[in-house]
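Worksheet: one structure, shown below.
The values are calculated or read from the model by the stated rules, or taken from the named source; none is laboratory data. Not measured: the values here are computed from a predicted model. No Cβ is skipped: glycine too gets one built from the backbone with ideal geometry, and neighbour counts run over all protein chains shown.
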Amino acid sequence: MLTFIFLVLLAGLPILAYLLASKTKNKGIVFGLSTIVLSFCLFIYISKFSVLGSLNKRILNDQIIDEIYIDSKISTKYLVKIEQTLNADEIKIWLISLISKAIELDKLSSAESLVTFSEKFFNSNEEKLIFYNMYTTLRDAKFPEFSKAAFIISDKSYYPCIFSDGVISLFILNGPDIPIGESRFLNQESIEISNINSLIPGFDLSSAYLNNETVELNLSVNCDKNDDIYSINNLIVLSPNTPFISYKIELNEWLKKPQ
């Protein structure tokens with residue numbers, strides 16, 4: 001925009017020279033028409049009704065869409081133009097729209113390059129959640145077999161008592177002190193962790209499976225009759241070969257928590 005303003009001012013120098021010359025005529029008409037023309041040029045470029053600015057954005061959008069249709073990584077020159085042409089809010093809106101479009105068309109190379117480029121623009125906690133959701137959507141599109149990953153306690157497991165409720169959680173070994181999944185259950189028929197139990201989109205069971213992580217299983221139950229609490233704390237290696245584990249608990253694995 002500054003370049004265009006400079007060019008307008010530069011274009012006005014010959015007109016200024018004409019007006020300052022002592023022998024020139026019709027200076028008022030020349031000055032008036034010149035002012036109208038140059039002001040119109042500035043108006044159509046820098047105003048909110050900008051024609052040229054909108055045209056530049058439209059051309060840039062079409063160029064990126066063309067690369068998405070051939071599933072190409074988005075060219076660096078277009079990514080640079082995004083930063084040069086759009087304001088901060090427009091950049092985020094564009095990226096969300098373009099990434100969604102690429103994933104919808106199953107153009108995952110294009111989507112991945114846009115997701116990688118977009119991370120630096122989503123800075124606040126709310127914006128980070130938007131970015132993590134875009135990342136998760138892309139990952140699930142690339143690895144659909146892992147999108148419904150599950151860790152289930154087998155119905156053949158043994159329990160130390162009849163319980164009213166309990167909590168199961170999974171943590172990455174030597175990872176953040178944030179579970180990849182946590183769930184409260186009311187009976188032994190519904191003890192499981194899936195992606196919907198994650199606290200942060202993308203930091204979930206699917207990622208753990210895909211990265212062949214070792215996870216720490218924490219499980220506790222509250223007994224009905226005597227208020228005893230029993231727990232299990234075990235390490236389990238996940239395999240990327242299958243997104244599903246049915247874990248059987250033996251009776252000797254339970255530990256009674258002191259009251």
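Could you tell me which of the residues LYS77, LYS101, LYS81, LYS92 is buried (at least 17 other Cβ atoms within 10 Å of the Cβ), free of Cβ contacts under 8 Å to residues at least 24 places away in the same chain and within 21 Å of SER54 (Cα to Cα)?
LYS81
Quickly run through the range 123-134 and pick out the residues that are surrounded by fewer than 19 Cβ atoms within 10 Å (Cβ to Cβ) and not polar (S, T, N, Q).
Across the range 123-134, the qualifying residues are GLU126, GLU127, LYS128, LEU129, ILE130, TYR132.
Tell me, please, whether a residue that is of a type in the set (D, E, K, R) and farther than 23 Å from ASP204 by Cβ can be found in the range 98-114.
There is at least one residue in the range 98-114 that is of a type in the set (D, E, K, R) and farther than 23 Å from ASP204 by Cβ.
Residues checked against (1) at pLDDT 95 or above; (2) outside the structural domain of ILE82 (by TED's automatic domain parsing):
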{"position": "LYS120", "(1), (2)": "no, no"}
{"position": "ASN123", "(1), (2)": "no, no"}
{"position": "GLU127", "(1), (2)": "no, no"}
{"position": "ILE130", "(1), (2)": "no, no"}
{"position": "THR136", "(1), (2)": "no, no"}
{"position": "ASP155", "(1), (2)": "no, yes"}
{"position": "TYR159", "(1), (2)": "no, yes"}
{"position": "ILE178", "(1), (2)": "no, yes"}
{"position": "GLU182", "(1), (2)": "yes, yes"}
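Is it the case that ILE93 is part of a helix (DSSP H, G or I) and in contact with a Ser or Thr (Cβ under 7 Å, 6 or more places away or on another chain)?
Answer is no for this residue.
Given SER164, SER190, which one is not hydrophobic (A, V, I, L, M, F, W, C) and not in a loop (DSSP other than H, G, I, E, B)?
SER164
Report yes if some residue within the range 219-226 is over 30 Å from ALA141 (Cβ atoms), outside the structural domain of ASN133 (by TED's automatic domain parsing), basic (Lys, Arg) and modelled with pLDDT under 90; otherwise report no.
Within the range 219-226 (the criterion being over 30 Å from ALA141 (Cβ atoms), outside the structural domain of ASN133 (by TED's automatic domain parsing), basic (Lys, Arg) and modelled with pLDDT under 90), the answer is yes, since at least one residue qualifies.
Quick one: count up the residues across the range 171-188 that are touching a Phe, Trp or Tyr at 6+ places or on another chain (Cβ under 7 Å) and either loosely packed, with under 12 Cβ neighbours inside 10 Å or closer than 22 Å to ASP227 by Cβ (or both).
1
Just to be sure, is ASN241 surrounded by fewer than 19 Cβ atoms within 10 Å (Cβ to Cβ) and in contact with a Pro (Cβ under 6 Å, 6 or more places away or on another chain)?
So ASN241 fails the test.
Let me confirm something: among ILE191, ILE152, ILE168, ILE162, which residue is of a type in the set (A, V, I, L, M), touching a residue at least 60 places away in the same chain (Cβ under 8 Å) and within 16 Å of SER231 (Cα to Cα)?
ILE162
Mind listing whichever residues of the range 176-209 are over 21 Å from the mean Cα position of the chain (by Cα) and over 18 Å from SER246 (Cβ atoms)?
Listed by number, the residues that qualify are ASP177, GLU182, ARG184, LEU186.
Considering ILE130, ILE178, ILE152, which residue is assigned to a loop (DSSP other than H, G, I, E, B) and either of a type in the set (Val, Ile, Thr) or out of contact with any Lys or Arg (no Cβ under 7 Å at 6 or more places or on another chain) (or both)?
ILE178
Does the range 104-122 hold any residues that are among the acidic types (Asp, Glu), under 17 Å from PHE143 (Cα atoms) and surrounded by fewer than 15 Cβ atoms within 10 Å (Cβ to Cβ), and which are they?
Answer for the range 104-122, where residues must be among the acidic types (Asp, Glu), under 17 Å from PHE143 (Cα atoms) and surrounded by fewer than 15 Cβ atoms within 10 Å (Cβ to Cβ): GLU104, ASP106.
Condition check: part of a strand (DSSP E or B), polar (S, T, N, Q) and closer than 13 Å to LEU170 by Cα. Does ASN233 satisfy that?
So ASN233 passes the test.
Would you check which residues across the range 215-232 are of a type outside the set (Lys, Arg) and either exposed (fewer than 12 other Cβ atoms within 10 Å of the Cβ) or farther than 17 Å from ILE191 by Cβ (or both) and list them?
Answer for the range 215-232, where residues must be of a type outside the set (Lys, Arg) and either exposed (fewer than 12 other Cβ atoms within 10 Å of the Cβ) or farther than 17 Å from ILE191 by Cβ (or both): ASN226, ASP227, ASP228.
Being farther than 25 Å from LEU95 by Cβ and not in a helix (DSSP H, G or I) is the requirement here; does ASP106 meet it?
No; evaluated as a whole, the condition is false for this residue.
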